[in-house]
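Values in this text are rule-based calculations from the coordinates and carry no lab data. If you're wondering where the values come from, they're calculated on a predicted model, not measured in any experiment. Cβ placement follows ideal geometry from the backbone for every residue including glycine, while neighbour counts extend to all protein chains displayed.
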Amino acid sequence: MIALMLQVRPCLTWRDVQHIIVFTATPYEDRRADWITNEAGFSHSHQHGFGLLNAWRLVNAAKIWTSVPYLASYVSPVLKENKAIPLSARPLEVLWNVSRMDLEMSGLKTLEHVAVTVSITHPRRGSLELKLFCPSGMMSLIGTPRSLDSDPNGFNDWTFSTVRCWGERAKGTYRLVIKDVGDETSQAGILRQWQLTLYGSVWSPVDIRDRQRLLESAMSGKYLHDGFTLPCPPGLKIPEDDGYTITPNTLKVRGPKPKLQGGRNVLRDVVLGGRLKERRNQDKDLPGLCVFHPSLVSSVTS
């Protein structure tokens with residue numbers, strides 16, 4: 001389905017694709033799913049994410065999509081806690097407030113990914129349940145209890161993340177709630193420290209709603225004719241596959257000589273954010289080579 005999106009709008013970035021999926025996915029009818037609509041109007045469940053992908057909706061949205069603003073982020077200080085996690089039903093709750101001044105430099109207004117990095121000592125880490133509440137009150141179950149996880153080392157700089165608050169405001173108070181659901185006779189765990197990381201954009205909630213209305217208006221298919229095209233933003237124009245010069249910088253050799261398959265060496269590799277072409281070499285003495293356009297490889301921080 002993503003290939004179909006790129007066919008009608010080849011200059012989509014990896015973040016554009018993520019946004020289009022969030023904007024166009026539809027809830028899946030499952031009585032066991034906990035579908036919740038967040039503050040930005042997106043439905044999400046812990047069982048099915050944002051829902052089913054629909055090729056018609058994805059392609060129609062891609063046809064009229066203009067790129068999202070740059071990726072903005074915020075990282076809190078490392079928050080030293082050294083607080084015991086109660087063995088009773090009462091959980092441990094810690095808070096961190098993100099103010100407008102905290103977000104002023106990056107311009108971050110609405111959320112995409114929210115990550116929490118924790119260091120917890122516990123004799124049986126599978127007994128812990130971790131929940132994160134965004135400023136809107138939206139709850140994400142970021143760490144579920146695991147009956148088979150008896151590791152006594154706890155969590156050391158362990159990062160959990162969620163997308164349930166996608167499109168919501170970034171400013172406000174975040175709550176991390178940790179509950180021990182294990183045997184009450186065991187030793188209590190301790191939350192040593194935690195850190196909050198926010199990723200999002202300078203889009204405001206109004207911008208989110210405007211984009212939602214635009215995409216819904218396109219679902220009739222009225223833009224799918226060849227006469228309608230949007231120009232690619234500067235710097236995102238996709239060059240043609242033919243006509244470029246291969247230099248040593250365009251070749252990437254990875255690892256030892258691969259096994260032969262039918263007299264040919266085949267090396268498969270993945271380049272994040274870029275296109276990959278497989279090259280097969282008839283020469284058995286040479287390792288496989290992967291060729292790609294350097295200009296098409298986007299930084300994961302862009």
(request) Compare the peptides 88-98, 26-36, 44-54 by average per-residue count of other Cβ atoms within 10 angstrom and give them in order, highest first. (result) 44-54, 88-98, 26-36
(request) Please figure out what share of the DSSP beta bridges in region 72-201 is antiparallel and state it in percent, rounded to the nearest 5. (result) 100 percent
(message) Run through region 110-211 and list the GluC sites (Glu not before Pro) located in a DSSP loop whose Cβ has at most 12 other Cβ atoms within 10 Å.
(response) E184
(request) Using only alpha carbon pairs under 8 Å that are at least six residues apart, calculate the relative contact order of region 72-201 and give it in whole percent. (result) 48 percent
(request) Give the shape of region 72-201 as rounded, prolate or oblate, defined through the alpha-carbon gyration tensor: a ≥ b ≥ c are the square roots of its eigenvalues, a/c under 1.5 means rounded, and otherwise the shape is prolate if a/b is larger than b/c and oblate if not. (result) prolate
(message) Please give the Cα centre distance for region 69-143 versus region 201-229, rounded to the nearest Å.
(response) 32 Å
(message) Calculate the FRET efficiency for L95 and W14 from the Cβ-Cβ distance with a Förster distance of 41 Å, rounded to the nearest 0.05.
(response) 0.80
(message) Filter K131/K179; K63/K222; K80/K131; K80/K179; K109/K179; K63/K109 down to the pairs with a C-alpha to C-alpha distance above 20 Å, please.
(response) K109/K179; K63/K109
(message) Place a point 7 Å from the Cα of Q193 along the Cα-to-Cβ direction; which residues of region 84-116 have their backbone N under 17 Å from it?
(response) 84, 95-96, 116
(message) Whole-Hz ³J(HN,Hα) for each residue in region 152-160, computed from phi via Karplus 6.51 cos²θ - 1.76 cosθ + 1.60 with θ = phi - 60°, x for glycine and proline: what do you get?
(response) x, 8, x, 10, 10, 6, 9, 9, 10
